[in-house]
Structure formats: C-alpha cells, structure tokens
1. For the chain, calculate the relative contact order in percent as a whole number, restricting contacts to Cα pairs under 8 Å that are 6 or more residues apart.
2. So if the hydrodynamic radius of the stretch 253-310 is defined as the Kirkwood radius over C-alpha pairs, what does Stokes-Einstein give as its diffusion coefficient at 20 °C and 1.002 mPa s, in µm² per second?
3. In Å³ and rounded to a whole number, note down the convex hull volume per residue for the Cα atoms of the stretch 101-257.
4. Could you compute the net charge surrounding residue 313? Neighbours are other residues with a C-beta less than 9 Å from the C-beta of residue 313; K and R count +1, D and E count -1.
5. What is the list of residues in the stretch 295-316 whose amide nitrogen lies under 12 Å from a point 7 angstrom out from the Cα of residue 342, following Cα to Cβ?
6. Which of 207, 153, 40, 333 has the fewest other C-beta atoms within 10 Å, and how do the rest follow up to the most?
7. Relative to the present Cα-Cα distance, how much length would full extension add between residue 189 and residue 335 at 0.36 nm per residue of separation?
8. Please name which of 64, 134, 89 has its Cα lying farthest along the dipole of the chain towards the positive end, using unit charges on Cβ (Lys, Arg +1; Asp, Glu -1) and the Cα centre as origin.
Amino acid sequence: MQYDFLEILKCPITKTKLRFQLISEFEKQYETGSLIEVKDGLLYSETGFVFPVIDGIPRLLVESVYDYAEFLKTNIADYEGMLKQIEQQYGKVLGYCKKKNKKTKASFAFEWSFLKPEKSDKLWHDESSSLIDVFLKETGEEATYFTGKIIADIGCGHGLMTSKSASIAKHSIGAEISKAVEMAYQRNKNKNAWYVQADLQYLPFDDSIFDLLYSSGVIHHTNDTEKSFLLIERIIRQGGKICLWLYHPQKSKLHKLMMWLRKFTSQLPLKIAFVFLLLFVFPFSFLIKKIKNKNAPNFREEMIDLLDGFTPEFRFEIPHEIAKNWLRQSGYDAIEITTSGQYGYAIIGKKK
C-alpha cells in the first residue's frame, strides 16, 4: 500500500479519517521503478474498529475483525476487548456483512484463482492487451478524457482492468470483496493503480470524490442490485460519470436451463459445485465452443465462465429500462447503452 493511499481511505462505517500504525514496509517494483510501501499495518477508526493492512493491501471489510483475527490478535494487545466493544455497538452490521459476504468472497476468490494472464488467458474472450479498448468503448470516452482523473473500479476481481485504466488516469483504485485482490496487487506493475479489499455496500471512501465509477459485472452479484447501485454511486462527484456492466434477461432455452441448474449449484459447497461442473457441464460446454470457434476458451477460461455463472450466491438480470430509471432517479443524464451483447450491456450516465 502506498502511503498516499491513506489520504483517501476512510472508515467504511462512518466515513471518518483512519489513524495509521505502521508494522512493516517493503520495496515494490513497478514498470517505472520501485517504491517503499506499507507491507503490514493497522488502521484505527473512531468507532473502535481496527482494520489490518496485510501484504500491502488494506483490508477494510466490516467483518475483517473476524477474517483476519489471527493477524489482529498478534498485533493488538487487547484484541478480545476490542472485539467485544464493537460487537456490543455494531453487532447488527457485523452479522449482516458476515452472512451476506461469506459465499460471495469464497466463490469469486476461487473463480479468479484460475486466471493466468502470464499464459495469455483471455478475460471474457478479450485479450488482456485489448482491455483498455474495452474500457474506452464501455465508458464511451477517449483516453484523453481520463487525464488527471481518478477512477474507482468497484468489484475489480482480477485487477487487470484497474491496472490498465491507471495507465491513462491519475489513479485507478480497485475495490474487491474477495482475496482475489491479493493476486491483483501482486500482478500490478502500474504505480497509479491502488487496491483495497472492501465491500461495495460499505465503501471506505468519502462521497463525491471520483471522476468515474466503473463496475463491470458486479452489482448483479449482490443481495440487492438496486441498493448496491445507490450505495456506490455516492462516491461520484458532480459532473462525473458512472459505467455499469449488467446482465440482461435472456429468453433462450439454454439460458433457462442454466438458471434452473444454478438454483442447485449455487447452494452447494464450492468444491462440490466445482467437481459437479467439471464432470457434468464442462465437457459439453467446452466441446461445443471448440466445435463452433477455433479461438474457443482454454480450460481455465471456460472454468471461469462456468464458475461465474453457476456458483455465486446472488445473480440478477436487469432490463435496460430499469437500469436507465435507476440513473434518472439518482440525478444522471446523458444516459446511454454503450455496448450490448448476448449476456449483458454497459450503461453510462453523467451526474448532474
């Protein structure tokens, strides 16, 4: 974690400033040189919460007090007392976050563990080198628009889009709920890309500070898509833009079969669901794509597709007009569908 990142990070519950305590530093290599960064540390909130920085990544999930209990016990003299205090005051929100995020964190960490960019794996059938073109097409802007601007990549997953978009902006900040953020941070070689482990319903940022909010294929995997939209759009400044990629409804019989099957697979323990998909779904989907397309996905790419479709606990499909109404009602204009494909679409709007 770069020290400058501390100026942006806030308590995810109260949005107040965090007090930082350094534990250790390290030297991280970037394309343009190296920087001394925070390896491990503690972030103290006035609420009584203490959030860890572990392996260069601030862990600002509300439930980090449970997820990283061993680290906190090692570095906080009275961890048990701290935990008791915040459970008494914030027990309801702790329980809510712990319950709703458990399966989501596990499924997306497992999904993105299959990605190997160093082996030229594609992302949703796009080459890694073309991601910046995808980003510009979806946002409806030229690269020069982002000069000096700050981008929030909410639900950054693999983190490659965060790193690519940082090459044309002042900063691009990737927020990811799962431990996929660890590989994203390790792979990143662009010093303008920063990463944080965070829940999009409890973002650790002030309102109205980002020039663009980009969130691709994320909020429809939360327990309430509209609620998630309303919570994330607050961080966009007036005159800033939003770009969301969302699933839209499909009428094909194959899609209806998939939606019926995922009612079963999404309830299975993750490893059992993986074995089921590997044995009973992968052979057919992989073979069909190979027959139809010479550039069909490899094994890892196909498993990412299957895991994304069949294992997340939440998966909603949002008609175009409903998404447009969300933006209109929240004070956006210049609303436009910039891309639309078989599975979903990108929608943009400008905040008045």
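1. Relative contact order, the chain: 17 percent.
2. The calculation lands on 182 µm²/s.
3. 129 Å³
4. Once positives and negatives cancel, what remains is +4.
5. Those under the cut-off are 296-297.
6. Lowest to highest Cβ neighbour count: 333, 207, 40, 153.
7. 49.2 nm
8. Of the listed residues, the answer is 134.
Any read-out appearing in this document is the output of simple, stated calculations on the displayed coordinates, not a laboratory observation. Fair warning: this is a prediction, and the values are worked out from it, not measured in the lab. Quick reminder, even Gly has a Cβ in these numbers, built from the backbone with ideal geometry, and neighbours come from all protein chains shown.
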